[in-house]
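Encoded as structure tokens, the structure appears first; notes follow it.
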Amino acid sequence: MERPMEQIYTIPVNEAFEAASDGGGCPFCIMRARLDKNEQELILGASMMEPDTRIRTNELGFCPEHFERLISGGKALPFALMMESHIEHIRESLKGPGLLSQKNATADARLLDTLSHSCYICERVEYHFSRMIDTAAYLWENDPAFREKCAAIKHFCYPHFGRFIAAARARMKQKVFSEFYRQVFAIVDADTEKLLEDVSFFAKKFDYRYADEPWGDAKDAPRRALRLFCGDENEDDT
């Protein structure tokens, strides 16, 4: 019997794996991109005026990347209202000079340092994303159809592959995990082997002896290496 978490996240996990098998991307990058886009739309829409949301956005603010995306989101008024509340909250939280200037300065520096490393959207995305990874491990263990979807994947980025196998290791018995790991490692190993060949040939193309050789799949090898190590940015825009 499925637990509530798996019931909630089964559909988006399956959809991401299906999209990845069609488009060749990392399914977890697709999940994360969809979550990120959804949270940005919510924060400038229905969620903006909810008291609980406003409290958290006031406390956490946004990372530079999400600040830029929200500013560019085409909803200037909701963003300005949210910033009005956020700035007011921070101004009221800063202690400033006084009888305990040194203590206040220490507290203010700590507050601002914490603020510079927090982000409401990042927190929300990570909350759901970590549960989607756990759900993917659950589905592989319990759903033969999902195993087939997983076998059709051609690419996992390294960061998400690491989290996937860690989630699986935490929940699966040794025999099941060994079968799982053989399947997913074969996918990553084949992808990495092909990329290594293409990166090597990309470098050779700078040698005049290879100038007339066709590029094959090597022309975008550096970009694919970036995707392997850092993930697929904006892999899915829907």
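Observations on the structure shown:
- Across the range 1-122, counting alpha-carbon atoms alone, Rg and Dmax equal 18.9, 65 Å.
- Accessible area ranking (1.4 Å probe, heavy atoms, ligands and nucleic acids excluded), largest first, for Tyr120, Tyr158, Tyr208: Tyr208, Tyr158, Tyr120.
- Carbon and sulfur %, accessible surface of the chain computed with the full protein complex present, 1.4 Å: 56
- The three principal axes of the Cα atoms in the chain give end-to-end lengths of 70, 59, 37 Å, sorted in falling order.
- Candidate lysines for bridging to Lys205, where Cα separation is under 24 Å - those fewer than 8 sequence places away on the same chain excluded: Lys194, Lys219
- With all protein chains kept in place, the per residue accessible area of the range 80-238 amounts to 63 square angstrom at a probe of 1.4 angstrom.
- Ranked from largest to smallest solvent-accessible area, with a 1.4 Å probe on the protein heavy atoms, Glu68, Glu179 come out as Glu68, Glu179.
- Relative to the longest principal axis of the Cα atoms of the chain, the long axis of helix 4-23 makes an angle of roughly 50 degrees.
- By definition, a body whose alpha carbon gyration tensor gives a ≥ b ≥ c is oblate when a/c is 1.5 or more and a/b is not larger than b/c, and the range 98-238 fits this oblate description.
- Anchor Lys95: lysines whose Cα lies under 30 Å away (excluding residues fewer than 8 positions away in-chain): Lys103
- Within-10-Å neighbourhood charge of Glu213 [Cβ basis; K, R +1; D, E -1]: +1
- Along its first, second and third principal axes, ordered by size, the range 158-238 spans 54, 31, 17 Å in Cα coordinates.
The values are calculated or read from the model by the stated rules, or taken from the named source; none is laboratory data. None of these values were measured; they are calculated from a predicted model. Backbone-built Cβ (ideal geometry, glycine too); neighbour counts: all protein chains shown. Surface accessibility is based on the protein's heavy atoms, side chains included, excluding ligands, DNA and RNA. Shrake-Rupley method; radii C 1.70, N 1.55, O 1.52, S 1.80 Å.
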